[in-house]
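To start, I am sharing the structure in question, which I have written as structure tokens.
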Amino acid sequence: MLGLGILKGFYITAKNLVGSYFTTERLTTLEYPEVRAKLPPASRSFPFLVYDGDNPVDGLRCVACRICEKECPPQCIYIVPERDEKGKVMKKPRIFDIDYSVCMGCQICVEACPFDSIKMDNIYEIAVRNRYEPLLMHREQLSKPNTYFHEINPVDAIEVDTRLAEEKRKAEERAKAAAAAKAVAAAKAAAATPAAPADAAQTAKSAPAPAPAPTPAKPTTPETK
Amino acid sequence: MNNASTSSAPTTANATEAEAPVSPFPLHSSPFGPSSASGATVRAVNDEFHGDLLEISLGPHHPSTHGVFRMNAALDGEIVTKLKPVFGYLHRNHEKLGETNSYLANVPYTDRLDYLASLTNNWAYVHAVEKLAGITPTERCEYLRVILGELGRIINHVCLVGFLLNDLGTSFTPLLYSLRERERMLDLLEELTGARMMYNFFRFGGLRTDVSADWLARLKHYLEGLFARYLDEQDALLTGNEILLARTQGTGILKPDLAINAGFTGPGLRASGVDYDIRKVDKYSIYDRFDFRVPLGEHGDTYDRFMMRMLEMRESVKIILQAMRDLPDGPVNDPKAKSRGLRPKAGEAYGRIECPKGELGFYLISDGTPNPYRYRVRPPSFINLTILEDLCLGQTLADTIIILGSIDIVLGEVDR
């Protein structure tokens, strides 16, 4: 019958209109500024830097290895490592900038970071009046405490914390084992009378064992000399 | 000039084309010519129209063109006698960028090609790289990819059905219902991937993260509940609607021969009755394990192209439910296959999948460096657009809008 399809359509629309007053699952809109949708923990907008403890500069997990800078697809990260008074490269960033107006929130920097120091934020109200300066985020604006990360993404934060604690524990164990080995070697060297070969054995053993501290010192010393 | 009547227009048009083959249809000139020019020069520029035809420029900013797309049409009364698609307003240098990026860094860029179905774009690119580098995805990952890919197809078709009806000018309501369903699916995807549109979720040999059983259960609940209701509602609302039938049946007929010769792919091709679906023909991934039907049309008109989408959504739901039923346990990512710092051996590969709009292919040449030597996209939207003029000739201007809508283009993919 001609017109039946149209009548059917009226019925459907009327059902939807009336139904939205009775069933909440049909009503999907929110009155935005007053009511806000709860963001899922995984939701991501822009990256930020995580720091442990209270000091946003010394507590930064970032060691300025620049892997994220290299991997970033739109190349919106800019890093300059800190140098001490001798000009030696230190393991923290002096400049860490992310241009939010270029960043596309792909999360590749987060996946690339081996130190869990960069994570995705879920802020979205970042409107500014000027296109250039205010959206270029510096280290100070990017640094946020670990408690904040726990707030926005508790599942991942706990996982990261346990992993970091585990790594720390392993590193300590390794250091302890190295120290014990060192002590044993020293005792052996003391037992054996000649002093010169004992020294050589000691240095050979200690070089690979303790974690990161002595390794960067080695290449830099000849340069500074 | 003024006495050139409509009947003699075609012959004079041919004559001017033969004399001056430069540009029979000046793309960037106003129909009125430069303001300083005399009336005679204006006539010379638009010689074909002879004052009887109206040149109309639809777009580049027009709600009916689905993006920054422009159609230059010549109208005789209400009938389209000439139509040239003009694109390039959104050009983003995608292919050249792809050659300077590493293999992994291209994945988020492919999201931006067809932003209504990012998941399938990711899949096509990752599929091509896996072919190039000889990576085999894990079993669980293959199933999850099918689930996500089909979900991407549903999201795309939901959009298309809504916007097509919006293009008709008859109704805004179906679009609202469609977008409501799309939002629900995007909510699920946001929870999984973290983003609503630019997922960046596929990795070489796997996915970025695993999918939880709870998430899958909710997806299943949704597809069997609210989404099934939406499909039935939309069917009742539209498929038998007399206004829709009158406007879409018999307009924009695409003959199978023309479709095949033009390289037309996707639901539009199947609406013309050509049984060509890469999921069945090429059997990439694990599509040979699922039981599904490829719907075929008869007439190749706008209505058939619309119906193909409605039927395909139901088939996609079937595939997702089958994949969920058979989903094996195990790792999503092969620990040996690494995404970062991938350096495939020198060689070339062409990976293609059936994306919601047709055949999406990526052609890659590697020279052993961390970034592709050549990176080329075969986008379905772009190639499907090439026969827009053939579909629209002899139709009214209002029908041209629906025909464009039924081809289903996304300008990010057309211009790249």
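How tilted is helix B:302-326 with respect to the longest principal axis of chain B? Cα atoms for both, answer in degrees (0 to 90, nearest 10).
Rounded to the nearest ten degrees, it is 10.
Report the residues of the range B:268-303 in range of a label on residue B:220: point 7 Å along Cα→C-beta, backbone N strictly under 17 Å from it.
B:291
Where a ≥ b ≥ c are the square roots of the eigenvalues of the C-alpha gyration tensor, would you call the range A:68-137 rounded, which needs a/c under 1.5, or, failing that, prolate if a/b is larger than b/c, or oblate?
Values: a/c = 2.36, a/b = 1.48, b/c = 1.59.
It comes out oblate by the Cα gyration axes.
Can you send over the solvent-accessible area of residue B:411, 1.4 Å probe, protein chains only, in Å² to the nearest 10?
0 Å²
Quickly rank A:183-192, B:289-298, B:144-153 as a protection proxy: mean count of other C-beta atoms within 10 Å, highest first.
B:144-153, B:289-298, A:183-192
Can you list the HN-Hα couplings for the range B:409-414, worked out from phi with the Karplus curve (6.51, -1.76, 1.60; θ = phi - 60°), rounded to whole Hz and with x for Gly and Pro?
Per-residue couplings from phi come out as 10, 10, 6, x, 7, 5 Hz.
Alpha carbon centre of the range A:1-40 versus the range B:334-399: separation in Å?
38 Å
Same structure again: Quick query: amide H of residue A:143 versus all other amide H atoms, modeled in the peptide plane; which residues come in under 5 Å with a sequence gap of 5 or more or a different chain?
Excluding prolines and chain starts, which carry no amide H, the hits are A:49.
Over both sides of the B-A contact, add up the buried accessible area with a 1.4 Å probe and give it to the nearest 100 Å². Working shown, then result.
Values: alone 17280 and 15980 Å², together 30790 Å².
Chains B and A together bury roughly 2500 Å² of accessible area.
From the convex hull of the Cα coordinates of the range B:94-415, what is the mean projected area in square nanometres?
The orientation-averaged projected area of the Cα hull of the range B:94-415 comes to 15.2 nm².
If you place +1 on the Cβ of every Lys and Arg, -1 on the Cβ of every Asp and Glu, and leave all else neutral, what size is the dipole of the range B:221-276 about its Cα centre, to the nearest 20 Debye? Could the numbers behind the result be given before it?
On the way: 4 positive and 7 negative charges, 49 e Å.
Charge dipole of the range B:221-276: 240 debye, to the nearest 20.
Here is a further query. Give me the angle, in degrees from 0 to 90, between the Cα long axis of helix B:118-133 and the longest principal axis of the Cα atoms of chain B, rounded to the nearest 10.
The angle comes out at about 70 degrees.
Moving to a separate point now. Of B:237, B:127, A:108, whose Cα points farthest to the positive end of the dipole of the protein assembly as shown (charges on the beta-carbon: +1 Lys, Arg; -1 Asp, Glu; origin at the Cα centre)?
In the protein assembly as shown, that residue is A:108.
About its Cα centre, how strong a charge dipole does the protein assembly as shown have in debye, to the nearest 20, once Lys and Arg get +1 and Asp and Glu get -1 at the Cβ? Can you show the working numbers first?
On the way: 75 positive and 82 negative charges, 524 e Å.
Dipole magnitude for the protein assembly as shown comes out near 2520 debye.
Here is a follow-up. Could you tell me which residue out of B:319, B:73, B:251 lies farthest along the dipole of chain B toward its positive end? Charges go on the beta carbon: Lys and Arg +1, Asp and Glu -1, centred on the Cα centre.
Selected residue: B:319.
Send over a whole-number figure in Å² for the accessible area per residue of the range B:338-414, probe 1.4 Å.
32 Å²
Here's something else I'd like to know. For the pairs A:119/B:96; A:92/A:144; A:70/A:119; B:283/B:345; B:131/B:338; B:131/B:336, flag any whose C-alpha to C-alpha distance is greater than 18 Å.
Violating the 18 Å limit, Cα to Cα: A:119/B:96; B:283/B:345.
Computed over the Cα atoms, what is the radius of gyration of the range A:5-78 divided by 2.2 N^0.38 Å, N being its residue count?
Rounded to two decimals, the normalised Rg is 2.15.
Could you tell me, in Å, what Rg and Dmax come out for the Cα atoms of the protein assembly as shown?
Taking only Cα atoms of the protein assembly as shown, I get Rg and Dmax of 30.6, 121 Å.
Where does each of A:173, B:242, B:413 land when they are ordered by accessible area, with a 1.4 Å probe and the largest first?
Reading off the accessible areas and sorting them downward yields A:173, B:242, B:413.
Once the other residues with Cβ under 13 Å from the Cβ of residue A:141 are scored (Lys, Arg +1; Asp, Glu -1), what is the net sum? Each step should come with its number before you reach the end.
Details: positive: A:139, A:144; negative: A:97, A:99, A:121, A:133, A:140.
Neighbour charge sum, excluding residue A:141 itself: -3.
Over the range B:94-415, what percent of the accessible surface lies on carbon and sulfur atoms, probe 1.4 Å?
Carbon with sulfur: 53 percent of the solvent-accessible area.
Let me have the 222 nm mean residue ellipticity of chain B computed from DSSP H runs of 4+ only, each contributing -39500 (n - 2.57), with the sum over all residues rounded to the nearest 500.
-13500 deg cm²/dmol
Explain nothing, just the number: dipole magnitude of chain B about its Cα centre with +1 on each Lys and Arg Cβ and -1 on each Asp and Glu Cβ, in debye rounded to the nearest 20.
Here chain B has a charge dipole of around 1480 debye.
So what's the angle, to the nearest 10 degrees on a 0 to 90 scale, between helix B:139-168 and the longest Cα principal axis of chain B?
Taking Cα atoms only, the helix is inclined about 30 degrees.
Let me ask you something else. Using a 1.4 Å probe on the protein heavy atoms only, what accessible surface does residue B:382 show? Give it in Å² to the nearest 10.
Surface open to solvent at residue B:382 totals about 60 Å².
Let me ask something additional. Need one value for B:281-289: mean number of C-beta atoms belonging to other chains within 10 Å of its residues' C-beta atoms.
Values: counts 0, 0, 0, 0, 0, 0, 0, 0, 0.
That average works out to 0.
The values are calculated or read from the model by the stated rules, or taken from the named source; none is laboratory data. These numbers were taken from a predicted model, which means no experiment stands behind them. Note that each Cβ is placed from the backbone with ideal geometry, even for glycine, and that neighbours are counted across all protein chains shown. Accessible surface is based on the protein model in full, side chains and every heavy atom, while ligands, DNA and RNA are left aside. Shrake-Rupley method; radii C 1.70, N 1.55, O 1.52, S 1.80 Å.
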